[in-house]
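What follows is one structure encoded as structure tokens, with my remarks underneath.
The values are calculated or read from the model by the stated rules, or taken from the named source; none is laboratory data. Note that the structure is a prediction, hence the values are computed from the model and not measured. Don't worry about glycine lacking a Cβ; one is built from the backbone with ideal geometry, like all the others, and counts go over all protein chains shown. Ligands, DNA and RNA are stripped out before the accessible areas are found, and what is left, the full protein with its side chains, is counted by its heavy atoms. Shrake-Rupley method; radii C 1.70, N 1.55, O 1.52, S 1.80 Å.
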Amino acid sequence: MNLLYLTILFPLLGFLLLAFSRGRWSENTSAKIGVGSIGLSLLFILWIIHYYLHEGSFITPLWTWINVPLHDNFDFNIALNLALDGLSLTMISVVVGIGFLIHMFASWYMRGEEGYSRFFAYTNLFIAFMLVLVLADNLLLLYLGWEGVGLCSYLLIGFYYTNPKNGAAAIKAFIVTRIGDVFLAIGLFILFNHFGTLDIAELNVIAHNPAMVTAHSEAIFWAALMIVGGAFGKSAQLPLHTWLADAMAGPTPVSALIHAATMVTAGVYLIARTNGIFIAAPGVLYFVGCIGAITLLVAGCAALVQTDIKRVLAYSTMSQLGYMFLALGVQAWDASIFHLMTHAFFKALLFLASGSVIVACHHEQDIFKMGGLYKKIPLTYAAFLVGGAALAALPLVTAGFYSKDEILWGAMANGHSGLMVIGLCGAFLTSIYTFRMIFLVFHGEEKIHAHSVEGITHHLPLIILIILSTAVGAFITPPLAYVLPAMPDSHSGKIALEFISGIIATVGILVAVYLYLGKGQHWVNKISQSEKGRFCCYWWYKGWGFDAFYDKVFVKPYLYIAKLLHKEPLNSLMNVFSGIAKTGNTVAVSTQTGHLRWYAISLCMGAVIVVLCTVGIWLSAANM
């Protein structure tokens, strides 16, 4: 299979066509190119799936990217190869499959918006870089896709650039994720310095060699820790999580693309792909699980008090990513990727459905200003019910139940009962905040005059995602055998755990019914108006105060130093170098007179100076 690169080429060509059109094409033409390029990539992936089922894994060599001779007959050689196995096949299927549905929905959602073709140019480039990331057979090529995804997230979050708040959110996402990227780069330096390769397969083999692990245990520990820093930045885990909620500044399809299928899953994929390194550093792996557990609780509490429909979903994304990291930390590798896939189904559904609500409500996003919408937009209501049930892991009928229970079982089977209990607590919170959102938006008194939404490009993606979010989606089993380490075969106690988990999710939904539809509404008001209730609600609403802390510790001191440097005499001192460069430029420009005689004299003078310098160097060498 030498045509694997076509999966990347189609969206890349779509980006180039739309970018060079400079917005001159009609919306229909831009939509056909933007959606069609992803559709072609999806068709080719369907052929790849057929090929993989018959032939298995393969590598597509393209060309040598970097070849630099170093010392001791050793070369820094990086080949541009694309590798396909069960893990990368799962990822490209999710990225392009869900990405295609999001693009289709966006062709409806973005109609009439300024920069329609620019939007699809950015999203096509986003998909292309994400495919580079997951198909790379070495960490340097993966890092190229990693940085490309970060660039595209900046462009898409700040798509509505005329609003300064959106620009600030884009810059915040770019800077916070860049912090993680620096850690990842350091990790790559450590690995290459000690092992002389960045090939992922070779590194995993080395990490399974007991002699190499013993000889390089410290290097493996620090490399793993740096890789974790990169993963935390991209996947919004504590303490590099603050960018994700503000990323809601972008168009709603962008939120679906970033939070469901692409960027935020990159950190989970990275750790799973380099699993050998983490198995050789068990302390770091346990740290990953603990941070995931803390993140899922912190984000769950924050989601419980949000008023913006998209911010509720943003914090729920952060929480579900916490489950994936928890699974990685307890070495439930398959469960983590399985939940990544099912999460892409129901979270894309919820974000697209939220976009439908926002359009129907004249771009209102405050859930307390909505209500009674189930009659006006019944398909969207059904999408929220199914997606919310999957997010809450409603037993037996939703995809989220099966994947989340695999994570909890992985924690229990591998002896991490404490993390399992935290996961169960997170499931209870998830049920409450998810159905709080649904009840406030679709039930109760109608507070806004909403209109119905129509269109095949609106309905079809929602219908497909509704089906995938049910138990039907759980039957799609990622082909991860022989790619990721297997879980223990024992299933003792698994059914009991599933029963307990199902009861907790159901009780959480019933609590939400009592608090937001039943007689318990006065308890909500009473708690929120009490002193302790106001305190908790304020800090949870503000994301536990992380933004305020970072602002005081990092942002304000930086701005203060910049202000000092702008004052005299420091400003004049800093301008000395630019003044020298400017003077040199002025002198150089003044020599361009247009007179041929002057140019000839200049050439001769230059030649004489070069000869004199050469003779002087030769005489000095002779005297020595």
Exercise. Consider just the alpha-carbon atoms of the range 430-579 and return their Rg together with their Dmax, both in angstrom.
Key: 26.7, 75
Quiz item: Which value at 222 nm does the chain reach when only helices count, each DSSP H run of 4 or more adding -39,500 (n - 2.57), with the total divided by all residues and rounded to the nearest 500 deg cm²/dmol?
Solution: -23500 deg cm²/dmol
Exercise. Compute the separation of the alpha-carbon centres of the range 1-68 and the range 239-274 and state it in Å as a whole number.
Key: 22
Quiz item: What does the highest-first list of 247-254, 465-472 look like by mean Cβ count within 10 Å?
Solution: 247-254, 465-472
Quiz item: How big is the accessible area of Leu484 in square angstrom, nearest 10, if you roll a 1.4 angstrom probe over the protein chains?
Solution: 10
Practice problem: Hey, can you find the accessible area per residue of the chain for me, probe 1.4 Å, expressed in square angstrom? | Solution: 45
Exercise. Could you work out how far apart the two model spin labels at Leu564 and Leu46 are, taking each label as a point 7 Å from the Cα in the direction of the beta carbon, and quote it in nm?
Key: 6.3
Quiz item: Just how far, in whole angstrom, is the range 95-138 from the range 530-544 if you go by their alpha carbon centroids?
Solution: 37
Quiz item: Any idea what Rg and Dmax come out to for the range 321-403 if you just take the C-alpha atoms, in Å?
Solution: 15.1, 46
Self-check item: Prolate/oblate/rounded label for the range 144-223 (Cα gyration tensor, a/c 1.5)
Solution: prolate
Quiz item: Which lysines have a Cα lying under 22 Å from the Cα of Lys447, excluding residues fewer than 8 positions away in the same chain?
Solution: Lys310, Lys369, Lys375, Lys376, Lys519
Exercise. Compare the peptides 14-20, 492-498 by average per-residue count of other Cβ atoms within 10 angstrom and give them in order, highest first.
Key: 14-20, 492-498
Quiz item: What relative contact order, as a whole-number percentage, does the chain give when Cα pairs under 8 Å and 6 or more residues apart are counted?
Solution: 12
Quiz item: For Lys494 and Phe189 in one chain, what is 0.36 nm times their gap in residues minus the Cα-Cα distance, to one decimal in nm?
Solution: 105.6 nm
Quiz item: Over the range 470-619, what percent of the accessible surface lies on carbon and sulfur atoms, probe 1.4 Å?
Solution: 74
Practice problem: Please list the helices of the chain that count as membrane-span-like by this rule: a mean Kyte-Doolittle hydropathy of at least 1.6 together with Cα atoms stretching 18 Å or more along the helix axis, each helix being a complete DSSP H run. | Solution: 6-21, 86-109, 116-135, 139-157, 282-303, 417-442, 456-469, 494-516, 596-623
Exercise. Taking every pair of alpha-carbon atoms in the range 376-492, give the share separated by more than 16 Å as a whole percent.
Key: 69
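Taking the highest mean first, how do the peptides 294-304, 125-135 order by number of other beta carbon atoms within 10 angstrom per residue?
125-135, 294-304
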